[in-house]
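These notes are about the structure you will find just below.
Rule-based calculations on the coordinates, nothing more; no lab input. Keep in mind that this is a model prediction, so the values were computed, not measured. Cβ atoms come from the backbone with ideal geometry, glycine included; neighbour counts cover every protein chain shown.
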Amino acid sequence: MINQQEVIRIVDSICRDKAIDKDMVYADLEAAMVSAARKAYGQSEDVTVSIDRMTGEIRAVMDGEPITMKDLGRIAAQTFKQVMIQRIREAERGSIFDEYSDKVGTIVTGTVARFESGALVISLGRAEGFLPRSEQIPGESHHPGDRVRAMVLDVEEKPNQVRIVLTRSHPDYIRRLFEVEVPEVGERIIEIRALAREAGYRTKVAVSSIDTKVDAVGACVGVRGSRIRNIVDELGGEKIDIVRWNESSQILIANALKPAEVQEIALCFELNRATVVVAEDQLSLAIGKRGQNVRLAARLTGWDIDILTPAEYNKGLDEMEKALRSVDGVEDVMLDKLMAMGVISVGDIEEIGPAPLVKELDVSEELAERIAAVAAREAKRLAAEAQAAKEAEAAAQAAAEEQAAQADAAGEEAQIAAGDVPQDQDPEAATEEIESGGAEGPEASTAAPDVAPPADDEGVMETTVGQSLRRGRTSPADQEEEEE
């Protein structure tokens, strides 16, 4: 049996290691001793136990008579042990839950402990965090023992554990990294006004400064890019674009689409759509790889962004003007007002409907309905023409592929007929080997694929001739001349 001083020392150690309130541990000890006494003397007995917080002295009373805890026996001691372990674990889970509930949205550092069905289990000291696959940066790999930084996304209290969910792909993780690496952001001198992210690929951050003497973009980049480089390294090479925030939507959209140069921006507040005109050589730069640049710019600014070339923009205006000219009562000033509204095509008129036209153009409901009807009819016609042109293009491409395949197959047959196949080999078997890529020697290395890339008639002819020249094919007539 432990003495009184050991009780105090053990309680202090438990409270320090598990961050549990000392009074709570003493209360749990008293409750566990009451359970043990009732296990020994009967559940109906009135038992009270108190522990002196200063001396560690234990006083136990049953029905007014003092009892000694060391006389309870082995079974009662086992009951005390189980109750105490359970109480301490519950208190520890409560302590962990309270601690990490206050850390939601902050960055923590831990060590990779193990993998569970694609998720990482990260040791955070006296707790474990879970980094699900969906919250990991795509393409990133970790190994047990690696140190990992992540943001606490959520804390869930389960029956037997506290589940701490971490994230490295959430946009707010970028925000927290900027607060750590850029002191001005942490001190709120520079404010991150908007942020859009595709984890593992690219992030756009719009920043502004409350101090006119502090350059928001320059402070975030750092001297020779030192600050932003630390963030990029932490994210495994993810690209970060820092743009200057502006209250004007047009300027902000132009900044968000950088490095592409913008010629003109038309805003349609009715559709929450921005039509951006860029030069032909800037089109791919504005759209970005797989539409990434314009997609992130749309998220950053909150506008639906359409990228058009000057030719496409003017074509839409011409079609709209031509359609509305056929409506009696439409004047030039109305067309100018529509352009000022950001309406640049008959499709836009069809989407907004007649109600905004009455208000913005100051026309009657009848005229607005006629304008909307004509625009809808013209939009359907243009959509049908575009679909027909798309189907015709697909059919022409399929025909070109088929023709290229037939020409390639004809060239292989000519090669077999020319005697390129060994005499002791069956021509049909040789054809199968060439098509399957199983033949060895020059025939195997020069066999053409079953399907050639799309090309027009002239391109197919040039490709076939070029392949024949590269393969060194000769016609039967040429062989006869060589034999003579």
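See the values below:
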item: In Hz, Karplus ³J(HN,Hα) per residue of the range 254-261 (6.51, -1.76, 1.60; θ = phi - 60°; x = Gly, Pro); result: 4, 5, 5, 8, 4, x, 6, 8
item: Square roots of 5 times each gyration tensor eigenvalue, C-alpha, the range 27-93, largest first, Å; result: 19, 15, 10
item: Sparsely packed GluC sites (Glu not before Pro) within the range 51-124, loop by DSSP, other Cβ within 10 Å at most 16; result: GLU57
item: Under the Karplus curve 6.51 cos²θ - 1.76 cosθ + 1.60, θ = phi - 60°, whole-Hz ³J(HN,Hα) for the range 190-207, x wherever Gly or Pro sits; result: 10, 10, 7, 7, 7, 8, 9, 9, 10, 3, x, 10, 7, 9, 10, 10, 9, 10
item: Reach of LYS239 by Cα under 24 Å, taken over lysines that are not fewer than 8 positions away in the same chain; result: LYS204, LYS258, LYS289
item: Rounded to the nearest 20 debye, dipole of the range 4-91 from Cβ charges on Lys, Arg, Asp, Glu; result: 400 debye
item: Cα lying deepest toward the dipole's positive end in the range 4-91, options VAL49, ALA31, ALA60, charges on Cβ; result: ALA31
item: Shape of the range 237-320, Cα gyration tensor, a/c cut at 1.5; result: oblate
item: For the range 154-179 and the range 14-87, distance of Cα centres in Å; result: 38 Å
item: Sites MET24 and SER141, calculated FRET efficiency, Cβ-Cβ separation with R0 45 Å, nearest 0.05; result: 0.60
item: Proximal lysines relative to LYS322, as straight alpha-carbon distance under 21 Å, when same-chain residues fewer than 8 apart are discounted; result: LYS337, LYS380
item: About the Cα centre, charge dipole magnitude for the range 103-169 (Lys/Arg +1, Asp/Glu -1 at Cβ), debye; result: 160 debye
item: Distant-in-sequence amide H partners of GLN161 (H built 1.01 Å from N, under 5 Å); result: none
item: Per-residue ³J(HN,Hα) for the range 223-234, Karplus 6.51 cos²θ - 1.76 cosθ + 1.60, θ = phi - 60°, Hz, x for Gly and Pro; result: 5, 6, x, 5, 6, 5, 5, 5, 5, 4, 5, 5
item: Amide H partners (placed H, <5 Å) of ASP306, local residues excluded; result: ALA274, THR275, VAL276
